[in-house]
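S.K.: Before I ask anything, here is the structure I am working with.
The values are calculated or read from the model by the stated rules, or taken from the named source; none is laboratory data. Note that the structure is a prediction, hence the values are computed from the model and not measured. Note that we place each Cβ from the backbone using ideal geometry, even for glycine, and neighbour counts take in every protein chain shown.
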Amino acid sequence: MNRLILFFLLLGNVALGQTNIVDKLKVRQDFEKLMSNLETNYVYYNTKDVDLNCIKNYYSQKIDSIKNSTEVLLFFEYILDEFYDSHLHLNTSNKFSYRLYSPIFVSTIGDKTEISSTWKDQIESGLNINITNAEILSFNGVNFNELIEKFPTHCQNKNNNEIRTWISNKILSGRRNEPRIVTLKTKAGKIETLDIDKIKIRKDTNLLSYKIIDNIGVIRLNNSLGETKTIKEFKQALNKLEETNGIILDLRNTVDGGNTNIAYPIAGHFTNKKMIFQKYINKQENFDDYIKTTKPKYNKPLIVLVGRWTGSVGEGLASGFDGTGIGKIVGTEMLKLAGATKSYKFSNFNYGYQYSYIEVLHITGYPREKFVPKYKVVCNDDIEDEFIKEGIRMINHQK
């Protein structure tokens, strides 16, 4: 009996030690610095449909219940999720964290969620049914609307369709340690099951790829707008396509964004003069950003393809090409990543977060994240690439 009592005493001490692993004061210090930094520097802080006092009060009270480093990370992750901004997130994750995106995109209006896009130009296998416009019924066996309401944010207005759509896509992105089994109802009325984790996404090893179709050059950037070597490879590709009747620039896989120092030299191949390409606004000043001519100069028609996985700098390229009139933008709504970001590190933890410190605008002054292509593509099935087809049609028509 004495040994049993000793065992439980030891077990209690171990459990107590585990709950005291986290220094609550350090969490509180970084929480207060986070809120102060967002309030001062996050350009969209006062434009979000969220109760800011609720965030400060609710999460301040949650600190005392945090038990370990895993919960610390999720504590900060959920705070940033309150702002329903995919450009605002931690620069690390754990197995309980939500991924940043999934290969399907849904739109939620009221209590109905439908698949509006699939990343089919990047999907190798795993879609053996036509899920375009299918309604999401459940996720991992749980009613989807119930999951929206139970999403681990506390201060959002979940009756706002923009917020519900953002949450819906976070749910489908899924926690890293959980399966992603979706029950859906197709447009034909059939109930189908889709395992998102069985969808195989192509991993491109080249920074870009190019080909010629009907004497039209097609250059696809393989999520490489953050790689300096992309500038040189784009120039080489353009040299080989100089005799074509037009160029289709495919930005549908720029999901991780990139750097304007790489994007602007690419844009420069299609202009013969210095031009305003984007505008910026922060709390201190407004200013313009320019592109200038890059050799070789290509002076035939340019079509730019965009989709739901065109993100950040890719979105900036598209809106800049549109504003300058250099190219025609074809596709759908994009990722809607707002602003230009910078990183900030927590004082007491070995990770940090990124936030938008400046607004990025179309040269007309319209927010970049709200820019929608004039030439829209409607995705009716999961087989034919309607984007490429429409780009070729438009170039041939201009010719």
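This table checks each residue for (1) of a type outside the set (Lys, Arg); (2) assigned by TED's automatic domain parsing to the domain that holds ILE266.
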site: GLU315; (1), (2): yes, yes
site: PHE321; (1), (2): yes, yes
site: LYS342; (1), (2): no, no
site: ASN350; (1), (2): yes, no
site: ILE358; (1), (2): yes, no
site: ILE363; (1), (2): yes, no
site: VAL377; (1), (2): yes, yes
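S.K.: GLY141 is checked against (1) out of contact with any helix residue (DSSP H, G or I) (no Cβ under 9 Å at 6 or more places or on another chain); (2) within 28 Å of ASP51 (Cβ to Cβ); (3) of a type outside the set (D, E, K, R) and fails just one. What number does that condition carry?
M.R.: For GLY141, the failing item is (2).
S.K.: Taking TYR290 and the conditions (1) over 20 Å from the mean Cα position of the chain (by Cα); (2) in a loop (DSSP other than H, G, I, E, B), which numbered condition does it fall short on, given that it satisfies the others?
M.R.: Evaluating TYR290 over (1) over 20 Å from the mean Cα position of the chain (by Cα); (2) in a loop (DSSP other than H, G, I, E, B) leaves (2) as the failure.
S.K.: A follow-up question, please. Check THR310, THR332, THR294, THR244 and return the single one that is over 20 Å from ILE363 (Cβ atoms), crowded, with 19+ Cβ neighbours inside 10 Å, free of Cβ contacts under 8 Å to residues at least 60 places away in the same chain and β-branched (Val, Ile, Thr). Don't jump to the end; show me each part of the working.
M.R.: On the way: THR310 fails: over 20 Å from ILE363 (Cβ atoms); THR332 fails: free of Cβ contacts under 8 Å to residues at least 60 places away in the same chain; THR294 fails: over 20 Å from ILE363 (Cβ atoms).
None of the other options fit; the residue is THR244.
S.K.: In the stretch 250-273, how many are closer than 14 Å to THR294 by Cβ and touching a Gly at 6+ places or on another chain (Cβ under 9 Å)?
M.R.: Step one: list which residues in the stretch 250-273 are closer than 14 Å to THR294 by Cβ, which gives 260-273.
Of the ones still in play, those that are also touching a Gly at 6+ places or on another chain (Cβ under 9 Å) are 260, 262-264, 267, 270.
Selection size over the stretch 250-273: 6.
S.K.: Any idea which of ILE213, ILE201, ILE231 is among the hydrophobic types (A, V, I, L, M, F, W, C) and out of contact with any strand residue (DSSP E or B) (no Cβ under 9 Å at 6 or more places or on another chain)? Spell out how you get there, then give the answer.
M.R.: Details: ILE213 fails: out of contact with any strand residue (DSSP E or B) (no Cβ under 9 Å at 6 or more places or on another chain); ILE201 fails: out of contact with any strand residue (DSSP E or B) (no Cβ under 9 Å at 6 or more places or on another chain).
Answer to the check: ILE231.
S.K.: Kindly list the number of the only condition in (1) among the β-branched types (Val, Ile, Thr); (2) assigned to a loop (DSSP other than H, G, I, E, B); (3) in contact with a strand residue (DSSP E or B) (Cβ under 6 Å, 6 or more places away or on another chain) that fails for THR132.
M.R.: Among (1) among the β-branched types (Val, Ile, Thr); (2) assigned to a loop (DSSP other than H, G, I, E, B); (3) in contact with a strand residue (DSSP E or B) (Cβ under 6 Å, 6 or more places away or on another chain), the lone unmet condition for THR132 is (3).
S.K.: Output the residue which, of all residues in the stretch 248-291 that are free of Cβ contacts under 8 Å to residues at least 60 places away in the same chain and among the aliphatic types (A, V, I, L, M), is surrounded by the fewest Cβ atoms within 10 Å (Cβ to Cβ).
M.R.: Checked the stretch 248-291; the qualifying residue surrounded by the fewest Cβ atoms within 10 Å (Cβ to Cβ) is MET275.
S.K.: If you don't mind, there's one more thing I want to ask. Taking the stated definitions as given, is ASP85 assigned to a helix (DSSP H, G or I), of a type in the set (D, E, K, R) and not assigned by TED's automatic domain parsing to the domain that holds ASN177?
M.R.: Details: assigned to a helix (DSSP H, G or I): no; of a type in the set (D, E, K, R): yes; not assigned by TED's automatic domain parsing to the domain that holds ASN177: yes.
Judged against the criteria, ASP85 is not a match.
S.K.: Continuing with this model, one more query. Give me the residue from the stretch 46-67 that is more than 17 Å from HIS154 (Cα to Cα) and without any contact (Cβ under 8 Å) to a residue 40 or more places away in the chain and, out of that set, surrounded by the fewest Cβ atoms within 10 Å (Cβ to Cβ).
M.R.: Looking at the filtered set, the residue picked out is ASN46.
S.K.: Does LYS279 satisfy the condition of being basic (Lys, Arg) and part of a helix (DSSP H, G or I)? Give the derivation first.
M.R.: Numbers: basic (Lys, Arg): yes; part of a helix (DSSP H, G or I): no.
Criteria not met by LYS279.
S.K.: Follow-up. From the list GLU71, GLU77, pick out the single residue that is of a type in the set (Asp, Glu), out of contact with any strand residue (DSSP E or B) (no Cβ under 6 Å at 6 or more places or on another chain) and surrounded by fewer than 20 Cβ atoms within 10 Å (Cβ to Cβ). I'd like the intermediate steps shown before the answer.
M.R.: Working: GLU77 fails: out of contact with any strand residue (DSSP E or B) (no Cβ under 6 Å at 6 or more places or on another chain).
When all the criteria are applied, what remains is GLU71.
S.K.: Enumerate the pairs (first residue in the stretch 210-234 and assigned by TED's automatic domain parsing to the domain that holds THR310 and within 13 Å of PRO265 (Cα to Cα); second residue anywhere and polar (S, T, N, Q) and surrounded by fewer than 19 Cβ atoms within 10 Å (Cβ to Cβ)) with beta-carbon separation below 9 Å, excluding pairs fewer than 6 apart on the same chain, so at least 6 apart or on different chains.
M.R.: The qualifying pairs are LEU225/ASN259; GLY226/ASN259; GLU227/ASN259; THR228/ASN259; THR228/ASN261; ILE231/ASN261; GLU233/ASN206.
Table: residues versus (1) among the hydrophobic types (A, V, I, L, M, F, W, C); (2) at pLDDT below 95; (3) surrounded by 20 or more Cβ atoms within 10 Å (Cβ to Cβ).
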| position | (1), (2), (3) |
| --- | --- |
| PHE105 | yes, no, yes |
| THR118 | no, yes, yes |
| GLY126 | no, yes, no |
| ILE129 | yes, yes, no |
| ILE136 | yes, no, yes |
| PHE139 | yes, no, yes |
| VAL142 | yes, no, no |
| ASN145 | no, no, no |
| ASN159 | no, yes, no |
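S.K.: Now, a different point. Please determine whether any residue of the stretch 44-55 is assigned to a strand (DSSP E or B), among the aliphatic types (A, V, I, L, M) and not assigned by TED's automatic domain parsing to the domain that holds ASP195. Walk me through it before giving the result.
M.R.: Of the stretch 44-55, the ones assigned to a strand (DSSP E or B) are 50.
Checking which are among the aliphatic types (A, V, I, L, M) leaves us with 50.
Keeping just the survivors that are not assigned by TED's automatic domain parsing to the domain that holds ASP195 gives 50.
Yes, the stretch 44-55 contains at least one residue that is assigned to a strand (DSSP E or B), among the aliphatic types (A, V, I, L, M) and not assigned by TED's automatic domain parsing to the domain that holds ASP195.
S.K.: Something else now. Among what's in the stretch 347-361 and is crowded, with 20+ Cβ neighbours inside 10 Å and in contact with a Leu (Cβ under 8 Å, 6 or more places away or on another chain), pick the residue that is nearest to ARG28 (Cα to Cα).
M.R.: TYR353
S.K.: Exactly one of these conditions fails for GLU386: (1) out of contact with any Pro (no Cβ under 7 Å at 6 or more places or on another chain); (2) over 19 Å from ASP288 (Cβ atoms); (3) at pLDDT 95 or above. Give me its number.
M.R.: Only one criterion is unmet by GLU386, namely (3).
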